[in-house]
Structure formats: structure tokens, C-alpha cells
Amino acid sequence: MKKILFIAFYYNYTNEIASKRLRGISKYLPKYGFEPIVIVPKTSHSTVKFDNVQVIETEYENMLSKFMPSKKGDGETTSDNKENKLMSKAISIAGEVFAYPDGMKYWKTPAFNACCEIIEKENISGIISSSFPITSHLIAHDLKEKYDIPWIADLRDLWNLNPYINHTFIRNHFEKRLEMNTFKNVDVLTTTTPLAKKVLQTLHPSKRIVPIVSGYDPEDFKNITQTHKTNELTLMYAGSLYGGKRDPSILFEAISQLISENKIPQDKIIINFYGDTTNLKELSEKYNIPSNIKINGKISHEEVLKNQANSDVLLLISWINKNEEMFIPGKIYEYMASKKPVLSLGYKEGSLKELIERTNIGYHVSTVEESKKIIYDYYQKYINNELEYTGNEFVEEYSMENTAKKFSDILEEIT
């Protein structure tokens, strides 16, 4: 079995959706003849273990703890929103200068040194690095330069061409130059959608770029079952709202209109939100549906899966912006495995809409009228006990095993 280094910062962060791709690749690569040695930072997270996968934890100090040591005391965060906002603003401004290319940059040296030790002891056939953070690619670049080992750089999100990231003009200049220099010696770049590949190719026209979609791991769901029925049509969203870019206003207005038109009784529909709470209270009051919007705190990923199983419709909210066309949120694969109807709100066209239509797992909407139509349809099916999952045979293509197989195919070619 060929050994590969896999530089995967978020591998042990089981509450992060990014970790699913990293763990899935590692777990299933051995099935196709590759034994991953996963390089991760030493954090408070437990080490995820699989057969034929080594996990090497290296020393790590993040930028904030390096320059802003935590205060002694009971560890509670301040409740002063003004102070929090000022602190966030200060960190954002400082980050433009000091967090270049990211706040994990102090992981580079210990991770690089650990990789060198492994390479000098083991017969390493290839390297995979996955971002975010960008630091993962900087480590791989230096290893490629020193040892000339075949290297795949996996961009779960694009680097300079990521519409969610806004830097100053000066920072953008240096970031672009760094990306060009970093990928100068890469063998293959991978993205998560064909559209992302097309965008990335404009910056790296001579590079081989392969789109490899993510997927779900059926084993994550083998002990997850529905334990009770709901008393009202229950939609659920868990995750980030990205500072308001993922805006549920259209859905809130649609629900408000359906209630005011007496098409859905006020006490027969709710949306449970878990995690990010940005603007939810204000928006629910604006559309006169505060009793229908349940704002819950952060919960573990295991609890998320259990709550999804006990919901009627799983909600996906994306940025309604043309730049969102190339993205497929990792959450959608989890929804496939949950086998629940999906309601997706986002830009009118793009990779996500194509995937939902191809697999028939639900509907993708971008307007109030479209939202009203689908929510009312789901409600009618709900009260008639006809609301069910409608995913087709194409869903099975989106497994993490297939994702790992595609990486193994590239590794077979270049190693």
C-alpha cells in the first residue's frame, strides 16, 4: 500500500462541515491502495481514528492566543455586545496585516518539520493538502520543493477568487502573488464543483484542475433514526449565516404571507435554527412571525443529525448572489443521507440547483412566490401524511467513498 501525506487542518474538528471531506478521503483511500498519514494540529479535539490511517498531531499555537493570551478568571465571555463588536472590528483590521495568509500560519513550521521527519523515515508516494487554511498548501509547497513528491492541492473553497472573502487592495495584491507562487509547482489542483474549476482555471490556465464533489458517509447515519413525530410542519437549519449573507428574509416573508392568507395556521409551522443567530430575532419580528422562528444555540454535530431526523423539511440557505453559482454547501450531502425533503434558498442558477434537481431530493427557490408555493405544497403533504423523501438513484453517487476513489485515481496517475 502506497503511503501519502495528507495535510488536513480540520480533520479532527468534527463539528465543522469541512472535516467531513477530510475524514472521508482518509477513511476510504486505503480501500484503493493508499495509506494516509494525516497531519493535524494538536488541539482540544479528540483524534479521529480509522483502520490503516495514521494521524500525526503537531504543536500548534493560533494567532490570537499568541498575541492575545486569554484572561485569567472563570472563562465566561463578555455579554457587552458593543465591546464584542469593537473587539471583532479590531481583530478584523489587525487580521489584514498579521493573519497573512491566515490565522493558522504559526502551524507551518511545526507541521513542515513533522512532515520532513516522516518523509525521511517512510517511503511517501504523494502529498494532498486541503484548504482552508491556506497554510496547508504552503506546507505542501515547501515539501514539494524540497523532496519533489507529487502533490495534489485540494481547494474546498477558492483562495483569491472566493467571493466570501474581502481584503484591502494591498492585501489582495500580495494574496494573488502568493497563490501564483504557491501553486507554481503543484501537480494537480482540485475543486468541489465544475463551475469552481472553470473560475479557478482563469487564474491558473496551464494547470490541471479536477472537480471532485464531496459526499456523505452512510456510516455516520447508521444509528440515527426518527424518534418522534412533529405536531407542526418543522423545518430545520443548522450552521452559519455568514454575517447575513445567508439571509432567510425571503422564507420569512413567504411564511408570513401564507399565515396572513390563512393558507397555513400560525401554530402549524416552525423553523428551528441551530448555531448562528445573526439577525434572526429582528427578521422574525419584522415579518410578524417570532413565534414561528425558534432560535437555538450551538449543539454538537451528533445532536444536529438527531434533530434532522426528527424534522420534516431540511432547510439550506445560500447567498443570493451570482458569485454563489459555483458552490455546493457540504451540508447538502448530509441532507441526502438524512433522507428528508429539502428546501434550498439561494441564487436562481448554479451547481447547487443542478444537484438538487438531478437527485430529486427537494426544491431550490430564489423568490418569495417560489418559496410560498413549495412551503404550501410541503404543508399540504404534511397534513395528509404524504410528506416523504423523494431522492432518486443518483443520490448514491454522492458518497465519500466515491470522493476518495476520485482522489485515488489521480494519485495512481501521478505517483
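The values are calculated or read from the model by the stated rules, or taken from the named source; none is laboratory data. Remember, it's a predicted structure, so these values are computed and weren't measured experimentally. Note that each Cβ is placed from the backbone with ideal geometry, even for glycine, and that neighbours are counted across all protein chains shown.
Considering only residues that are in contact with a strand residue (DSSP E or B) (Cβ under 9 Å, 6 or more places away or on another chain) and over 30 Å from Glu302 (Cβ atoms), look in segment 319-346 and name the one that is surrounded by the most Cβ atoms within 10 Å (Cβ to Cβ). Among them, the one singled out is Met326.
For segment 291-298, the criterion of being assigned to a strand (DSSP E or B), under 30 Å from Tyr13 (Cβ atoms) and among the basic types (Lys, Arg) is met by at least one residue.
With respect to the stated conditions, Ile250 is in a helix (DSSP H, G or I) and assigned by TED's automatic domain parsing to the domain that holds Ile264.
Residue by residue, here is whether (1) at pLDDT below 95; (2) surrounded by fewer than 20 Cβ atoms within 10 Å (Cβ to Cβ) holds:
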site	(1), (2)
Glu357	no, yes
Asn360	no, yes
Val365	no, no
Ser371	no, no
Tyr376	no, yes
Lys381	no, yes
Asn392	no, yes
Glu396	yes, yes
Lys405	no, yes
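Taking the listed residues Asp142, Asp187, Asp220, Asp157, the one that is of a type in the set (D, E, K, R), at pLDDT below 95 and more than 30 Å from Lys381 (Cα to Cα) is Asp157, with no other qualifying. When restricted to residues that are crowded, with 18+ Cβ neighbours inside 10 Å and part of a helix (DSSP H, G or I), segment 179-193 contains 3. Annotation for segment 240-259: at least one member residue is within 16 Å of the chain's Cα centre (by Cα), surrounded by fewer than 22 Cβ atoms within 10 Å (Cβ to Cβ), more than 19 Å from Glu369 (Cα to Cα) and without any contact (Cβ under 8 Å) to a residue 60 or more places away in the chain. In summary, Lys373 fulfils each of the numbered conditions (1) touching a strand residue (DSSP E or B) at 6+ places or on another chain (Cβ under 7 Å); (2) outside any loop (DSSP other than H, G, I, E, B) with the single exception of condition (1). When segment 194-213 is limited to residues that are part of a loop (DSSP other than H, G, I, E, B) and out of contact with any strand residue (DSSP E or B) (no Cβ under 8 Å at 6 or more places or on another chain), the one that is nearest to Gly330 (Cα to Cα) turns out to be Val213.
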